[in-house]
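Asks: Starting off with a structure, shown below.
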Amino acid sequence: MDLHDEAKAAQDAARGEIQSCSSLEDVDAVRIKYLGRKGEITFLLRKLGKVPPEQRKEVGGLLNEIKVEIGSLIESRKQDLKQQKYASGASAEALDVTLPGRTFKRGRFNPTLKMMDDLVQIFVGMGFSSVEGPEIETEYNNFDALNFPPWHPSRDDHDSFYVGDGYVLRTHTSPAQIRVMKSQPPPVRVVVPGRCHRRDTPDASHLMSFYQIEGLYVDFDVSMADLKGTLAAIAHEIFGEQTRIRFRPHYFPFTEPSTELDISCLVCEGKGCRLCKHSGWLEVLGCGMVHPNVFEHVGYDPRKVTGFAFGMGVERIATLKLGIGDIRLLYENDIRLLSQF
Ligand code: DAH
C-alpha cells in the first residue's frame, strides 16, 4: 500500500470512528489516535519525505486535507455530543415555568378583631378618641366607683375572677370610664376597646373572655337626645339604614336612666324567628346617662356636667352581623370558618 492508499484508509477509519463516538472522552481518544504527536496522520505526514518528489505534492495535499477534515469532524462531533448532553440533562430536571406556583394560605384577622377595628373607626370618625385600660383592675374601679352596691350579684366570686389584694380581672370595660375622667377635666369623648373576663360557662352566647367597646361622652350640656342620636347612627352604620332600632328601659348601676338598644331582627326583619326568640328584636348594647354618683367618684360636679355612656359586646355584634350561630366558633381557629370573612 502506498502512502496515498494509507491516507485514504486512515481517512475512512477516522470518519467511522468519529461518527460512532458516544462521549467527549471517546472523541478525544480519536483525536489523539489520528492527530496526536504519535497519531496516524502525523505519522503519515512524516513519511512524506520518502515519497518520490513528483507524487509528494499530491499526497501532501491529500494528507493536509484529511487532517483538516478529521479536525473539523471531531469539532462538530464534540458540539453534537455537548448538545445532546445538555438536552437530556434539561429534560431530566424539567422545570415548567408555566405551572402555577405553590401558594401559602394568607393569615387573616379574626372576625372579632376586624369588627372591633371597624367599630372603633366609626367612633373615631364621629370625633371619639380611642384609649385603653388595664385588664387587671381595682375592685374599686370595676365596681365601687361605678356605683355598684356592695351586695350586687356580679361582685360575687362566682361571677368574677378575683386576683387578690383588691384586684379583679375587669368584668367589663366600664372601669376605664373612671380612669379617663380621673385623668382629665370634661369634656370627654372616648371609646375603650378591650378584653374582659367573667366566670361564665361558655355556651352559644357566652365566653369567659370576650371583647367590649365602652363609650363615654361627657360635657356641660349632654342629653338623652345626644345618646339616642349617636347610638342610632352607629346602629345604622353597622347594620344598615333599613334596620329599625328601639331603646328599651333597663338597669345598670352606673347610669340613670339606663336602656338597652335593640335592632330589628336581621334574619326575619321583625316578623319573629328562632334567632330573635320570636320577639322580632335583637339586643345589641347597654347605655344610659352617667349616674351622678359616678361623677362624684371622679371629682366631676354632677350639677354642672352630664354625659352618656354605652358598652357593647364585640363578639355579639360580630356574630349577629356575620350570621354566625355560636359565639365559640370565633375562637376555634377553624380556617374553614375564618377564611369566609
Ligand atoms: N358594662 C355593661 C356590661 O358589661 C355594659 C354597659 C351598659 C356599659 C351601660 C355602659 C353603659 O357604659 O352605660 O354589661
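Bear in mind that the values in this text are calculations on the coordinates, not laboratory data. The model shown is predicted, which means the values in this text are computed figures rather than measured ones. Every residue, glycine among them, receives a Cβ derived from its backbone with ideal geometry; neighbour counts consider all protein chains shown.
Asks: With +1 on each Lys and Arg Cβ and -1 on each Asp and Glu Cβ, how big is the dipole of the stretch 3-92 about its Cα centre, in debye rounded to the nearest 20?
Replies: Rounded to the nearest 20 debye, it is 340 debye.
Asks: Between S23 and L95, take the C-beta separation as r, use R0 = 25 Å, and let me know the FRET efficiency to the nearest 0.05.
Replies: Numbers: r = 26 Å, r/R0 = 1.03.
Efficiency, from the Cβ-Cβ distance: 0.45.
Asks: Restricting things to alpha carbons, find the Rg to Rh ratio for the stretch 3-92 using the Kirkwood radius for Rh. Before the final figure, lay out each step's value.
Replies: Working: Rg = 15.6 Å, Rh = 14.0 Å.
That ratio equals 1.11.
Asks: Please work through the chain and write down the cysteines that have no neighbouring cysteine Cβ at a distance under 4.7 Å.
Replies: When partners are defined as cysteine Cβ atoms under 4.7 Å apart, the chain leaves C21, C196, C287 without one.
Asks: May I pose another question? If Lys and Arg each add +1 and Asp and Glu each add -1, what is the summed charge of the other residues whose beta carbon sits under 15 Å from the beta carbon of I327?
Replies: Within the 15 Å Cβ shell, the charges total -2.
Asks: Taking θ = phi - 60°, what integer Hz values does the Karplus form 6.51 cos²θ - 1.76 cosθ + 1.60 yield along the stretch 316-328, in sequence order, with x for Gly and Pro?
Replies: Rounded to whole hertz, the list is 4, 5, 5, 5, 4, 5, 8, x, 9, x, 9, 4, 5.
Asks: As I understand it, the dipole of the stretch 3-92 uses +1 on the Cβ of Lys and Arg and -1 on the Cβ of Asp and Glu, about the Cα centre. Which of I32, I18, G89 lies farthest toward its positive end?
Replies: I32
Asks: Give me the net charge for the shell around Y167: Cβ to Cβ below 11 angstrom, other residues only, Lys and Arg +1, Asp and Glu -1.
Replies: -3
Asks: Translational D (Stokes-Einstein, µm²/s) of the chain at 25 °C and 0.890 mPa s when Rh comes from the Kirkwood sum over C-alpha pairs?
Replies: In µm²/s, the coefficient rounds to 91.
Asks: To continue, here is another question. Give me the compactness ratio for the stretch 186-289, meaning the Cα radius of gyration over 2.2 N^0.38 Å.
Replies: It is 1.18.
Asks: Let me ask another. Lysine pairs in the stretch 111-338 8 or more apart or on different chains: how many have alpha carbons under 28 angstrom apart?
Replies: So the count of such lysine pairs works out to 11.
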